[in-house]
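**Student:** Please find one structure pasted underneath; my questions will follow.
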Amino acid sequence: MTAHKEKILILDFGSQYTQLIARRVREERVYSEIHPYNYPIDKIRDFAPNGVILSGGPAGVYETGAPLPDPAIFDFGCPVLGICYGMQVMGKILNGKVDASSNREYGRTRMTITNDADLFRGLEATPGATLDPDQATGQALLTIPVWMSHGDKVVDLPPGFTLMAKSSSAPFAAMQHTSRRLYGVQFHPEVVHTPAGKEIIRNFLFHICGLKGLWTMKSFVAETVAEMAERLRGKNVICALSGGVDSTVTAALLNQAIGVNLFCVFVDNGVLRKKEAARVVKMFTESMQLNLIPVDAAARFLAKLEGVTDPEAKRKIIGQEFITVFEEAAATIGGVDYLAQGTLYPDVIESISFRGGPSSTIKSHHNVGGLPEKMNLKLVEPLRELFKDEVREVGRELGIPEDLIQRQPFPGPGLAIRILGAVNEADLAILRDADEIILEEMKTAGLYTQVWQSFAVLLPVRTVGVMGDGRTYDRVIALRCVDSLDAMTADWSRLPYDLLGNISSRIINEVKGVNRVVYDISSKPPSTIEWE
Ligand code: XMP
């Protein structure tokens, strides 16, 4: 792991917003890591945080089995900020009183700052802030909009704490213990619905923890390249390049660190998009000057896929064939010690989730079919501390072209899972042409980077149409376009009708064999993004 000068530890109590806290902190150029609520105190000591944030969570502090941290966290010496459930944990452990509230407060509310609080400095100019006379004293007090989402609440401060803010349903909306540098807020500063949230987090990081915000993607690149150069000196590293952002940035970083000792393998598996293989090879060799080993294995993959209709069988065949091709490439190179992978932070976070159990499972497609064990290779994952937007920033630092950085995700099994039923060259040609039109039109409309994915699916049905004087009996293309943050959930994109019209008429006019286009208006769940 890179040595970071300034670090915030986030203990996760299961809130849906925990990752958001980490991102907000990182946006202020302070490195942050998420760990489960019961992260052992000696590990915390090793991590040496400059501040700790306790996340929210769905539990109640008095429930049996309620998640509680090691109380030593409050005597650890660095500032601690408890958010929502995190504040209630602080209230309970430090002998305040927390009430299981019968009326759950959820949504936007206004909070009045009652005391000069370090956390609430300089909020006068934030959106929605007003100065209102206090009903009891007549004194003008600052009131700000905040986002609440809690059942339980602190109803009696722990000894030594001062009340800092109140709201109509939470008379103890914020508290602090000045000398111990402990802070609790009942609302969520990390969500956009708390307009002053950014300032509040900045106050915690810069005024309370005394940080400067030194973590930039520029410093990340410099540190990572130096560290990789040291660790991988004299070693051969192999990297599977897919043409996507993560593997490209991984390769670019390692290229800076070890140059020709990095061997990038790009496999044309026959189910790539139109002109993709040529585009990728040109960019990797010409603009990025990678040590690239292109492998044209299209015929092999398509032969293995012939007649196969089951989606999982297609995935398995493509995965297995990829491993075979990759192993052959590695054998040709010889003496390979490491496998580089573009694993990202969301895949390694060991956070807790009360809904679906531990959410630490590594997505199987990131771990190229168990390759490292099979080939007896050590793993190198230079992006495992980064969120996707940070990876893009690193890519820009490394001079990777913007259109590659902004690329939408593309599945490993490629067009094979977008041709329903058996895959053949003729159908691939239809799908490629339709897909290219969607890509062009989305880019022209300025929406390509606004949506999560936009692509074509070729359906195995024929429908009747009329073209000129004749009757047609041709195929159907489904347009799939979704908005999503992480592909776990997704909603169909509300594309403008005119754009839908353009895409449809271009596909029907320009792609031979298609006479109908439909738009998929299903969300995930219960549907999935891909059709297979
Ligand atoms: P679904 O269809 O499960 O897709 O909603 C979620 C995201 O994952 C991508 N996807 C895959 N990526 N191998 C991959 O590398 C696969 O087998 C695979 N299946 C789906 C999909 O494009 C979407 O971004």
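**Student:** Among the residues of segment 62-75, is there at least one that is over 20 Å from residue 209 (Cα atoms) and in contact with a Ser or Thr (Cβ under 6 Å, 6 or more places away or on another chain)?
**Tutor:** There is no residue in segment 62-75 that is over 20 Å from residue 209 (Cα atoms) and in contact with a Ser or Thr (Cβ under 6 Å, 6 or more places away or on another chain).
**Student:** Sticking with this structure for a sec: Checking the condition of a type in the set (A, V, I, L, M, F, W, C), at pLDDT below 95 and buried (at least 20 other Cβ atoms within 10 Å of the Cβ), which residue from 383, 404 passes?
**Tutor:** 404
**Student:** Open to solvent by 10 Å² or more (accessible area, probe 1.4 Å), touching a Pro at 6+ places or on another chain (Cβ under 6 Å) and within 16 Å of the ligand (Cβ to nearest atom) - does that describe any residue in segment 411-422?
**Tutor:** There is at least one residue in segment 411-422 that is open to solvent by 10 Å² or more (accessible area, probe 1.4 Å), touching a Pro at 6+ places or on another chain (Cβ under 6 Å) and within 16 Å of the ligand (Cβ to nearest atom).
**Student:** Between a first residue in segment 410-437 that is on the phi > 0 side of the Ramachandran plot and a second residue that is among the aliphatic types (A, V, I, L, M) and within 16 Å of the ligand (Cβ to nearest atom), which pairs have beta carbons less than 8 Å apart while being 6 or more apart in sequence or on different chains?
**Tutor:** Between residues of segment 410-437 that are on the phi > 0 side of the Ramachandran plot and residues that are among the aliphatic types (A, V, I, L, M) and within 16 Å of the ligand (Cβ to nearest atom), the close pairs are 414/271; 414/272; 414/318.
**Student:** Report the residue count in segment 310-332 for those that are more than 16 Å from the ligand (Cβ to nearest atom) and open to solvent by 40 Å² or more (accessible area, probe 1.4 Å).
**Tutor:** 5
**Student:** If you don't mind, another one. Taking the condition of being within 16 Å of the ligand (Cβ to nearest atom), in contact (Cβ under 8 Å) with a residue 40 or more places away in the chain and open to solvent by 20 Å² or more (accessible area, probe 1.4 Å), how many residues in segment 460-485 meet it?
**Tutor:** Qualifying residue count, segment 460-485: 1.
**Student:** Further, regarding this structure: Read through the list (1) among the aromatic types (Phe, Trp, Tyr); (2) open to solvent by 10 Å² or more (accessible area, probe 1.4 Å); (3) under 28 Å from the mean Cα position of the chain (by Cα), then give the number of the only condition that residue 76 fails.
**Tutor:** Every condition holds for residue 76 apart from (3).
**Student:** Related question: Answer yes or no as to whether residue 37 is open to solvent by 10 Å² or more (accessible area, probe 1.4 Å), out of contact with any His (no Cβ under 8 Å at 6 or more places or on another chain) and aromatic (Phe, Trp, Tyr).
**Tutor:** yes
**Student:** Would you check which residues across segment 103-127 are over 21 Å from residue 176 (Cβ atoms), touching a residue at least 24 places away in the same chain (Cβ under 8 Å) and over 30 Å from the mean Cα position of the chain (by Cα) and list them?
**Tutor:** Correct list: 103 only.
**Student:** Shifting gears a bit: When you scan segment 496-508, do you find a residue that is within 16 Å of the ligand (Cβ to nearest atom), open to solvent by 20 Å² or more (accessible area, probe 1.4 Å) and not assigned by TED's automatic domain parsing to the domain that holds residue 299, even just one?
**Tutor:** no
**Student:** Which of the strands (runs of 3 or more DSSP E) contained wholly in segment 1-83 include at least 1 residues that are among the basic types (Lys, Arg)?
**Tutor:** Per the criteria, 7-12.
**Student:** Next up: Only one residue in 339, 254 is crowded, with 18+ Cβ neighbours inside 10 Å and not in a strand (DSSP E or B), so which one is that?
**Tutor:** It is 254.
**Student:** Looking at the structure I just gave you, is residue 138 without any contact (Cβ under 8 Å) to a residue 24 or more places away in the chain and farther than 13 Å from residue 173 by Cα?
**Tutor:** It is true that residue 138 is without any contact (Cβ under 8 Å) to a residue 24 or more places away in the chain and farther than 13 Å from residue 173 by Cα.
**Student:** In segment 424-445, what count of residues is obtained for those that are assigned to a loop (DSSP other than H, G, I, E, B) and either more than 15 Å from residue 307 (Cα to Cα) or open to solvent by less than 10 Å² (accessible area, probe 1.4 Å) (or both)?
**Tutor:** 1
**Student:** Quick test of your reading of the structure: residue 48 fulfils all but one of (1) within 11 Å of residue 9 (Cα to Cα); (2) of a type in the set (A, V, I, L, M); (3) buried (at least 24 other Cβ atoms within 10 Å of the Cβ). Name the failing condition by number.
**Tutor:** Condition not satisfied by residue 48: (3).
**Student:** Where residues in segment 393-410 are out of contact with any Lys or Arg (no Cβ under 8 Å at 6 or more places or on another chain) and within 16 Å of the ligand (Cβ to nearest atom), which of them is nearest to residue 308 (Cα to Cα)?
**Tutor:** 409
**Student:** Another question, if that's okay. Does segment 486-493 contain at least one residue that is surrounded by 14 or more Cβ atoms within 10 Å (Cβ to Cβ), in a strand (DSSP E or B), within 16 Å of the ligand (Cβ to nearest atom) and within 32 Å of the chain's Cα centre (by Cα)?
**Tutor:** Yes, that holds for at least one residue.
**Student:** Follow-up question, since we're still on this one. Could you list, in sequence order, all residues of segment 509-524 that are open to solvent by 90 Å² or more (accessible area, probe 1.4 Å) and without any contact (Cβ under 8 Å) to a residue 40 or more places away in the chain?
**Tutor:** Of everything in segment 509-524, those that are open to solvent by 90 Å² or more (accessible area, probe 1.4 Å) and without any contact (Cβ under 8 Å) to a residue 40 or more places away in the chain turn out to be 509, 521.
The values are calculated or read from the model by the stated rules, or taken from the named source; none is laboratory data. A quick note: this is a predicted structure, and the numbers were derived from the prediction, not measured. Cβ sites come from the backbone with ideal geometry, for glycine too, and all protein chains shown count toward neighbours. What goes into the accessible areas is simple: the full protein's heavy atoms, side chains included, and nothing from ligands, DNA or RNA. Shrake-Rupley method; radii C 1.70, N 1.55, O 1.52, S 1.80 Å.
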